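Asker: One structure, pasted below without further comment.
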C-alpha cells in the first residue's frame, strides 16, 4: 500500500518515546493524539494566551487534504479544556516547515478554577484527515515560509 498520509515523530522528539496517533475502533474517524510531555494548563484569566500542548508529531498528506484537530468530547466537562481556536487546521505545507518541522500542538484554555495538569501520554485530542476543494478561479501560488500561525505572513 502506498504511503500517502500518516504521522511521524517531529524533529527534537526522536528519543522521547512518542506514540503515533491511532484510531481506537474500526469506525472511529479520529486518531487519538497524546501529549508529548507533562505540562500545566492554568485556570483562565482575561487576556491570557492559550497553552500550547506539544504532541511531538507531524502529519503528511496529499495536496488536497488537511488535518483537522478536534478536542476530546470529555475534555471540557472533565478537565475544563477547550480549544482556543475551536478546531485546529493543519495544512499539507505545514509538514517539515523550516520553523518547527511541522510539529503539531493543541492550543488549550482551561475554564476550570484550578490549574489542570496534563501528563505525557495523556490523550488530549483527535486528528481527522479531510479532503478540501478550491473554487474555479483560485490561482494562489504563495508558499508557506514558517510554522505555527504563519499562513497569513
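Asker: Taking interchain pairs and intrachain pairs at least six residues apart, which have beta carbon atoms under 9 angstrom, with the first residue in region 98-112 and at positive phi and touching a residue at least 12 places away in the same chain (Cβ under 8 Å) and the second crowded, with 18+ Cβ neighbours inside 10 Å and not in a strand (DSSP E or B)?
Answerer: So the pair list comes out as 101/10; 101/95; 102/10; 102/94; 102/95.
Asker: Of all residues in region 18-62, how many are more than 18 Å from the chain's Cα centre (by Cα) and part of a strand (DSSP E or B)?
Answerer: The total comes to 1.
Asker: Then there is this: Could you tell me which numbered condition residue 15 fails, if it satisfies all but one of (1) out of contact with any strand residue (DSSP E or B) (no Cβ under 6 Å at 6 or more places or on another chain); (2) surrounded by 11 or more Cβ atoms within 10 Å (Cβ to Cβ); (3) assigned to a loop (DSSP other than H, G, I, E, B)?
Answerer: Answer for residue 15: the failing condition is (2).
Asker: Given the structure, is residue 117 in a strand (DSSP E or B), at negative phi and over 14 Å from the mean Cα position of the chain (by Cα)? I'd like the intermediate steps shown before the answer.
Answerer: Details: in a strand (DSSP E or B): yes; at negative phi: yes; over 14 Å from the mean Cα position of the chain (by Cα): yes.
Spelling it out, residue 117 is indeed in a strand (DSSP E or B), at negative phi and over 14 Å from the mean Cα position of the chain (by Cα).
Every read-out reported here was derived from the displayed coordinates using simple, explicitly stated rules and does not represent laboratory data. Not measured: the values here are computed from a predicted model. Because the Cβ atoms are built from the backbone with ideal geometry, glycine has one as well, and the counts that use them run over all protein chains shown.
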